[in-house]
Amino acid sequence: MDLNTVTSITPARHRDDLRALAPDVAPLAGGSELFASPQAHLTGLVDLQTFGWPALTVTRDGLEIAATCTLAELSRLPPEPGWNAHPLFLQCCTALFGSFKVWEVATVGGNLCAALPAGPMTTLAAALDAELLVWRRDGTDELLAAADFVTGNSTNVLETGDVLRSLRLPTSSLRSHTAFRSISLSPVGRSGAVLVGRLDSDGGFVLTVTAATVRPIQLRYPSLPEAAGLRRDIDAIDGWFTDAHGAADWRQAMSRLLGEEVRQELERKLQAA
């Protein structure tokens, strides 16, 4: 969709260029969400791609993903030795409501900032306990837990002038075993529920629930829980979401089902270890 009210595009090459951001001037990365609907309030854009941030950087502490990294780039990330969670990258990319063509432009950061309940990059970041580096408008940096970044349906913690710079995934999470489940009302529809289980090296278990809720919900246990306990805790979740892609009670029921599938898959991996 053409944004015919936009009269200026500022290529950002220095952090000072972000001062142009305003209520009527938005950051531009891939643009797949920005250009998907009318934005009549916008008069300008600030292009973040011109920063030239490296898309993916393997570090001693884990993996840094630039906010401007595309889903296509993320999906092609080669596995590192010991990264048992590596399949989760492709699994989350395929949960996007969009074709492979969209993967070439849609960015990890843009998907997070859109803050849609079904945002698969929100799922990935929260499930692996990523830290998000935010450049605040006042020039300061802030690290935030990914699970706390999205606050509701299409809302997040960013204020006007703030920019999401990168995601930092710790080695400890990347070495964990994961199990992924998703469901939608149609074969190519937007996800109605996405659940990721993570079994850490110390035996701890984390279940991340997204798409079914307005924001990521995490259930944490010192060890793999029994089926009844997990079901009870899923039922106690608040914030189930209703829209055209699924009613709240259906999403809750599917989360019970998928949560138990996740638990059983990781139980089998634990027994096989």
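Kindly establish whether Thr171 is within 27 Å of Thr57 (Cα to Cα), in contact with a helix residue (DSSP H, G or I) (Cβ under 6 Å, 6 or more places away or on another chain) and among the β-branched types (Val, Ile, Thr).
No; evaluated as a whole, the condition is false for this residue.
Could you please tell me which pairs satisfy a Cβ distance under 9 Å, a separation of 6+ or placement on different chains, a first residue in the stretch 1-18 that is not assigned by TED's automatic domain parsing to the domain that holds Thr140 and among the small types (Gly, Ala, Ser), and a second residue that is part of a loop (DSSP other than H, G, I, E, B) and at pLDDT 95 or above?
Within 9 Å, the pairs are Ala12/Leu48.
Go through Ala22, Ala66 for me and flag whichever is closer than 22 Å to Arg137 by Cβ, assigned by TED's automatic domain parsing to the domain that holds Leu77 and not β-branched (Val, Ile, Thr).
After ruling out the rest, the residue left standing is Ala66.
Here are some residues: Leu167, Leu77, Leu112, Leu132. Which one is over 14 Å from the mean Cα position of the chain (by Cα) and of a type outside the set (Ser, Thr, Tyr)?
Exactly one of Leu167, Leu77, Leu112, Leu132 is over 14 Å from the mean Cα position of the chain (by Cα) and of a type outside the set (Ser, Thr, Tyr), namely Leu77.
Report, by residue number, each residue of the stretch 178-210 that is surrounded by fewer than 19 Cβ atoms within 10 Å (Cβ to Cβ), within 30 Å of Gln271 (Cα to Cα) and of a type outside the set (S, T, N, Q).
Asp200, Asp202, Gly203, Gly204
Consider Leu144 against the criteria (1) of a type in the set (A, V, I, L, M, F, W, C); (2) out of contact with any Leu (no Cβ under 9 Å at 6 or more places or on another chain); (3) over 21 Å from Ser186 (Cβ atoms): it satisfies all of them except one. Which criterion is unmet?
(2)
Return the residue satisfying two criteria in turn: it lies in the stretch 113-153 and is hydrophobic (A, V, I, L, M, F, W, C) and over 22 Å from Glu33 (Cα atoms), and of such residues it is surrounded by the fewest Cβ atoms within 10 Å (Cβ to Cβ).
Once the filter is applied, the top-ranked residue is Leu143.
Specify which of the listed residues (Asp47, Asp16, Asp24) is acidic (Asp, Glu), modelled with pLDDT of 95 or more and under 22 Å from the mean Cα position of the chain (by Cα).
The match here is Asp47.
Among what's in the stretch 70-99 and is under 20 Å from Ser186 (Cα atoms) and in contact with a Phe, Trp or Tyr (Cβ under 9 Å, 6 or more places away or on another chain), pick the residue that is surrounded by the most Cβ atoms within 10 Å (Cβ to Cβ).
Of everything passing the filter in the stretch 70-99, Cys92 is surrounded by the most Cβ atoms within 10 Å (Cβ to Cβ).
Among Thr94, Thr123, Thr59, Thr107, which is the only one that is of a type in the set (Ser, Thr, Tyr) and touching a Gly at 6+ places or on another chain (Cβ under 6 Å)?
Thr107
If I filter the stretch 155-171 for residues that are without any contact (Cβ under 8 Å) to a residue 40 or more places away in the chain, closer than 20 Å to Thr210 by Cα, of a type outside the set (D, E, K, R) and surrounded by fewer than 21 Cβ atoms within 10 Å (Cβ to Cβ), do I get at least one hit?
Among the residues of the stretch 155-171, at least one is without any contact (Cβ under 8 Å) to a residue 40 or more places away in the chain, closer than 20 Å to Thr210 by Cα, of a type outside the set (D, E, K, R) and surrounded by fewer than 21 Cβ atoms within 10 Å (Cβ to Cβ), which makes the answer yes.
Among Ala29, Ala36, Ala67, which is the only one that is at pLDDT below 95, within 16 Å of Ala106 (Cβ to Cβ) and buried (at least 22 other Cβ atoms within 10 Å of the Cβ)?
Ala29
The values are calculated or read from the model by the stated rules, or taken from the named source; none is laboratory data. Being a predicted model, the structure only gives us computed values, none of them experimental. A quick note on method: Cβ atoms are made from the backbone with ideal geometry, for glycine too, and the neighbour counts reach across all protein chains shown.
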